[in-house]
Amino acid sequence: MNKIPNSMVRRCPRLGNPVPFDYCEICGDEKQPCFKILDCWWEHFDVVRYLKDHLTEDQYNQLLQARPKSKVTSLVELIEQARKRNS
Ligand code: SF4
């Protein structure tokens, strides 16, 4: 099982202040993990492994679907849509 140090804290880009990992695990809808938890924590430890060990498969898949698209992905999609409209 992938253990995490209790003291692990990082600056939250949404709140603008430090938050512990425990908070990120339960601050989403219905006490589920925050939709940004993978983006925020992958550099600190193996958060993918940790969540796979601690969530059900459904919960994990919901988390993946809840992640917002990156700006680049959104931009590429907008360009594609504009191309299709103009062709
Ligand atoms: S996972 Fe969510 S609550 Fe936690 S630091 Fe990132 S944005 Fe903030």
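Listed values, structure above:
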| read-out | value |
| --- | --- |
| Pairwise label distance in nanometres, S7 with I79, each label 7 Å out on the Cα-Cβ vector | 4.6 nm |
| Accessible area expressed per residue, the chain, with surrounding protein chains retained (probe 1.4 Å, Å²) | 77 Å² |
| Residue among V19, V48, V76 with the largest mean-square fluctuation in a Gaussian network model of the chain, springs linking Cα atoms under 10 Å | V76 |
| If the convex hull is drawn through the Cα atoms of the range 9-86, its volume per residue in Å³ | 123 Å³ |
| Carbon plus sulfur fraction of accessible area for the chain, probe 1.4 Å, in percent | 51 percent |
| Ranked order, E80, E57, E30, E25 - accessible area, probe 1.4 Å, largest first | E30, E57, E80, E25 |
| Sum of -39500 (n - 2.57) over DSSP H runs of 4+, divided by residues of the chain (222 nm, nearest 500) | -14500 deg cm²/dmol |
| Heavy atoms of R49 accessible to a 1.4 Å probe, total area in Å² rounded to 10 | 110 Å² |
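The values are calculated or read from the model by the stated rules, or taken from the named source; none is laboratory data. No experiment lies behind these values; they were computed from the predicted model shown. Neighbour counts run over all protein chains shown; Cβ positions are idealised from the backbone, glycine included. Heads up: the accessible areas ignore ligands, DNA and RNA and are worked out on the full protein's heavy atoms, side chains in. Shrake-Rupley method; radii C 1.70, N 1.55, O 1.52, S 1.80 Å.
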